[in-house]
Amino acid sequence: MNTTRRAFLKTSSAAVLGFPAIVRGANLNSNLQIAAVGCSNKGLSDIKEVGSHARVHYVGFCDVDTSRFDKADETFPGVPHFQDFREMFAKLSDTFDAVTVSTPDHMHAYISLEAMRRGKHVYCQKPLSHTVWEARQMRLQAAKSKVVTHMGNQIHSAKEYRTAVKLVRDGVIGKVKAVHSWQSNPGNKYSHLTAPPAPGPVPASLNWDWWIGVAPYREYAPDVYHPFKWRDWQDFGAGTMGDFGCHIMDPVFTALELTAPVSIRAENEGLNPQTWPSAETISYVFPGTAWTTDKTLPLTWYDGGRQPDIALAQMPADVKLPGSGSLFIGEGGTLVLQHVGMPKLYPVEKFGTFEIKVVEGTSHYHAWVDAALAGTKTTDNFDYAGPLTEAVQLGNVATRLPGATLEWDAAALRITNKPEAETLLSGKYREGWGIEPVT
Ligand SMILES: NC(=O)c1ccc[n+]([C@@H]2O[C@H](COP(=O)([O-])OP(=O)(O)OC[C@H]3O[C@@H](n4cnc5c(N)ncnc54)[C@H](O)[C@@H]3O)[C@@H](O)[C@H]2O)c1
């Protein structure tokens, strides 16, 4: 462990002892003081949306690339900049209550766990974590620290998904027999690279070592990792499943109150050790719930252009499945939910005159701020988002062992029938960047 890291941990644990779960937000006259990590692209939109709440005040912006503060500064001028979140946490210490985490996936758990250990509320982008094990640690730490947490799959709070959840819960299509979820994006030239390209000069504004963070070190190469393109690399992102699973499967989880799958099996177009497959099908079996017809529920995920058999949807011949979404097959009809679109009910003969009552959306971002200020829970807290992310990342474990049916024991955090799959539940951390299990 290097000195900086040791010093940070020392500061960190001292802070944990001194902080109640809600620090400044407990005072009703105060604002929620927030430190933001990751300031461009989705980070910028998180900063703007969270910051549009009247009682939010930013105390620090952190980005490993100093060229990426401009737009956040335009909206919130004068907020101090940091390039290393560890320095920001240590220096700002007790002046902030909450953190937004909008970095590439491989850093979500490390940063969020450090924040929660300090008693900070956390809004963390989807997927909550890069691995199954990390999702579990985040859920455990949130409970231990008693902080207010929220995953950044903002469509969870949108009218489209809320309306679909209500229709399923109202029993409009009866109990559900099966679900199919898909994302048709066929990827791009970056998602089809099979080896790291030749290194290139690191931009002066970027601290590449801190960008790499917990991941195994590799040289910077222009235009393939930072920004945005890290998604398809196994060391940093989670492919299409990780990018969209926590969005598209979210209304399925909420409507049917799904917990942990009992088994997962994947097939894909071919795999290499560097990037995620460009097309895959992942078959889950979940325990049945009060909303399902049977004791188990099959949920099948497709990506890279794959889709479920259109005949299952009972749609008219001239209607196509949306590019991405979910198909709920109920005993009394089907619900097709576009990502992101209003739910549609089929067959037309049965639902042609059915009036769908829209459930209005709410601000996902403000819901977290309000809950942090009030000390209440959100509907997308880590007790919910943790298991959803575990299921998503179990899909990525299965896709690395195509054709094998993996049996999952969620309570024990174990795949019980395939030892080589168990090693894929967690990542390998770079020296000095280890993540301690929550005890
Ligand atoms: N909810 C949504 O609809 C949605 C949409 C897009 C992205 N996302 C999620 O948001 C996250 C960011 O995605 P993106 O597309 O904005 O990525 P990006 O690479 O475009 O931006 C990430 C930003 O974080 C900075 N960064 C990287 N490592 C950092 C670190 N250790 N500390 C501080 N800053 C760091 C980068 O410099 C960059 O400015 C991902 O988890 C992604 O899955 C969510």
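The values are calculated or read from the model by the stated rules, or taken from the named source; none is laboratory data. Remember, predicted model here, so these are calculated numbers, not experimental data. Counting neighbours? That spans all protein chains shown, and the Cβs are built from the backbone with ideal geometry, glycine included.
Below are the figures for this structure:
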| quantity | calculated |
| --- | --- |
| Residue that is closer than 21 Å to Pro298 by Cα, in contact (Cβ under 8 Å) with a residue 12 or more places away in the chain and of a type outside the set (Val, Ile, Thr), where the choices are Ala404, Ala411 | Ala404 |
| Enumeration of residues in the stretch 255-271 that are out of contact with any Leu (no Cβ under 9 Å at 6 or more places or on another chain) and not small (Gly, Ala, Ser) | Glu257, Thr259, Val262, Glu267, Asn268, Glu269, Leu271 |
| Filter result (among the acidic types (Asp, Glu) and in contact with a Leu (Cβ under 8 Å, 6 or more places away or on another chain)) within the stretch 65-95 | Asp65 |
| The stretch 386-430, residues that are closer than 16 Å to Asp243 by Cα and not in a helix (DSSP H, G or I) | none |
| Residues located in the stretch 130-150, provided they are hydroxyl-bearing (Ser, Thr, Tyr) and outside any helix (DSSP H, G or I) | Thr131, Thr149 |
| Where Met138 falls short, out of the listed (1) without any contact (Cβ under 8 Å) to a residue 60 or more places away in the chain; (2) within 16 Å of the ligand (Cβ to nearest atom) | (1) |
| Set Asp97, Asp46, Asp65, Asp105: member being more than 11 Å from the ligand (Cβ to nearest atom), within 30 Å of Val132 (Cβ to Cβ) and of a type in the set (D, E, K, R) | Asp97 |
| Yes/no for Tyr365 being of a type outside the set (Gly, Ala, Ser) and surrounded by fewer than 24 Cβ atoms within 10 Å (Cβ to Cβ) | no |
| Residue check, Thr281 away from the ligand (no atom under 16 Å from the Cβ), under 30 Å from Gly332 (Cα atoms), among the polar types (S, T, N, Q) and out of contact with any strand residue (DSSP E or B) (no Cβ under 6 Å at 6 or more places or on another chain) | no |
| Looking only at the stretch 261-273, and only at residues there that are part of a loop (DSSP other than H, G, I, E, B) and either among the β-branched types (Val, Ile, Thr) or at pLDDT 95 or above (or both), the one that is farthest from Gln234 (Cα to Cα) | Val262 |
| Answer from Pro199, Pro186, Pro203, Pro216 - the residue that is within 14 Å of the ligand (Cβ to nearest atom), in a loop (DSSP other than H, G, I, E, B) and surrounded by fewer than 20 Cβ atoms within 10 Å (Cβ to Cβ) | Pro203 |
| Residues being buried (at least 19 other Cβ atoms within 10 Å of the Cβ) and assigned to a helix (DSSP H, G or I) - total across the stretch 60-74 | 2 |
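Let's see how each residue does on (1) over 24 Å from Pro287 (Cα atoms); (2) touching a helix residue (DSSP H, G or I) at 6+ places or on another chain (Cβ under 7 Å):
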{"position": "Val397", "(1), (2)": "no, yes"}
{"position": "Arg400", "(1), (2)": "no, yes"}
{"position": "Asp409", "(1), (2)": "no, no"}
{"position": "Ala412", "(1), (2)": "no, no"}
{"position": "Asn417", "(1), (2)": "no, no"}
{"position": "Ala421", "(1), (2)": "no, yes"}
{"position": "Leu424", "(1), (2)": "no, yes"}
{"position": "Lys428", "(1), (2)": "yes, no"}
{"position": "Ile435", "(1), (2)": "yes, yes"}
